[in-house]
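Notes to accompany the following structure.
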Amino acid sequence: MDKRRNTDVIVETLKLEGKRVIDVGCGDGALVRVMTRFGAHVLGVECSPRQLAKARAADKVGDEAIVEGVGQNLPVDDESADIVVFFNSLHHIPIEHQAKAMAEAARVLRSGGEVYVSEPLPHGAFFDAVRPIDDETWVRGAALAAVKGAWVHGLEEETEFSYIHPLVLRDYETFRDRIVSANAERETRFAELDGEMRERFARLASPNPDGGFLFEQPMRVNLLRKV
């Protein structure tokens, strides 16, 4: 697989200029700001209070907005968006609501609009490092099933491709904070497994030539279009 950065893949795959984009599960808003810089009008939707606070505290780069909400009940009008993005977020939606999240994406899109689903594949060094905290094999598989079944909502798959994202982390604490930020309940597990997690990080991460530590994260993208 080719090595490509996640943000490069997004801006090279989607025509963002002038488009109305919904970033579902936007986290700290980093991707919202990237897409805004490339000319999109972006609404970030996030349910985590911690992540919402980070996203709202960041300096604005344009007309982007951040709102509280969930993928299975988007606070967005019907047929008002050109693109819906699920970046590393579909598998965080409860399995019983993932199909509804795809239906919501179809609802808010205009005819011909696109859904961009980017998910980490359940293998590789980073996945192995995180597995004791949260083994996401099952939920990631369920997310893929929701994507493949989205045709029932009028979303036709255009393409699927994979690549390797070079994930660089400054140190173990950065690694821990990244994992905890997606789910605060993981803090307790980290405390319980501190020794094992430090050992896994030291064993599975590679020194990065420019500083910090490198994990090569295999990624999959599914691009769908509303018919």
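A few remarks follow.
- Taking a sphere under 11 Å around the Cβ of Thr7 and counting the other residues whose Cβ falls inside, with K and R at +1 and D and E at -1, yields a net charge of +2.
- Net charge of Cβ neighbours under 15 Å - reference Arg200; Lys, Arg +1; Asp, Glu -1: -2
- Region 189-227-region 1-63 distance, computed between alpha-carbon centres (Å): 21 Å
- Residue-by-residue Karplus 3J(HN,Hα) for region 164-170, coefficients 6.51, -1.76, 1.60, Hz, glycine and proline x: 10, 9, x, 9, 10, 10, 5
- For the pair Cys47 and Arg203, the difference between a 0.36 nm per residue extended length and the Cα-Cα distance amounts to 52.8 nm.
- log₁₀ of I(q)/I(0) at q = 0.15, 0.18, 0.25, 0.27 Å⁻¹ - region 13-75, Debye sum with one point per alpha carbon: -0.39, -0.55, -0.99, -1.11
- Here the Karplus relation 6.51 cos²θ - 1.76 cosθ + 1.60, evaluated at θ = phi - 60°, turns the backbone of region 9-21 into coupling constants of 5, 5, 6, 7, 8, 9, 8, 8, 3, x, 8, 8, 10 Hz, with x for every Gly and Pro.
- Karplus-derived 3J(HN,Hα) values for region 40-57, using 6.51 cos²θ - 1.76 cosθ + 1.60 with θ = phi - 60°, are 7, 9, 10, 10, x, 10, 8, 10, 7, x, 4, 5, 4, 4, 5, 5, 6, 7 Hz; glycine and proline are entered as x.
- Helix 172-182 axis, angle to the chain major axis (alpha carbon atoms, nearest 10°): 30 degrees
- Beta bridges per DSSP with both ends in the chain, % antiparallel, nearest 5: 55 percent
- Degrees separating the helix 137-148 axis from the principal Cα axis of the chain, which is the longest one: 20 degrees
- Placing unit charges on each Cβ (+1 for Lys and Arg, -1 for Asp and Glu) gives the chain a dipole about its Cα centre, and among Ala101, Leu224, Gly62 the Cα reaching farthest toward its positive end belongs to Gly62.
- Among residues other than Lys19 with Cβ under 15 Å from its Cβ, the summed charge is -2 (Lys and Arg +1, Asp and Glu -1).
- Figure legend: label point modelled 7 angstrom from the Cα of Thr137 along Cα→Cβ; no residues of region 187-203 have amide N under 17 Å from it.
- Rounded to 5, the percent of DSSP beta bridges in region 1-80 classed as antiparallel: 10 percent
- Rough spin-label spacing in nm, given labels placed 7 Å along Cα→Cβ, for His123 and Ala57: 3.9 nm
- Simple label model, 7 Å out from Cα along Cβ direction - Glu17 to Ile164, nm: 3.4 nm
Bear in mind that the values in this text are calculations on the coordinates, not laboratory data. Quick caveat, the model's predicted, so the values are computed rather than measured. With ideal geometry, Cβ positions are generated from the backbone for all residues, glycine too; neighbour counts draw on all protein chains shown.
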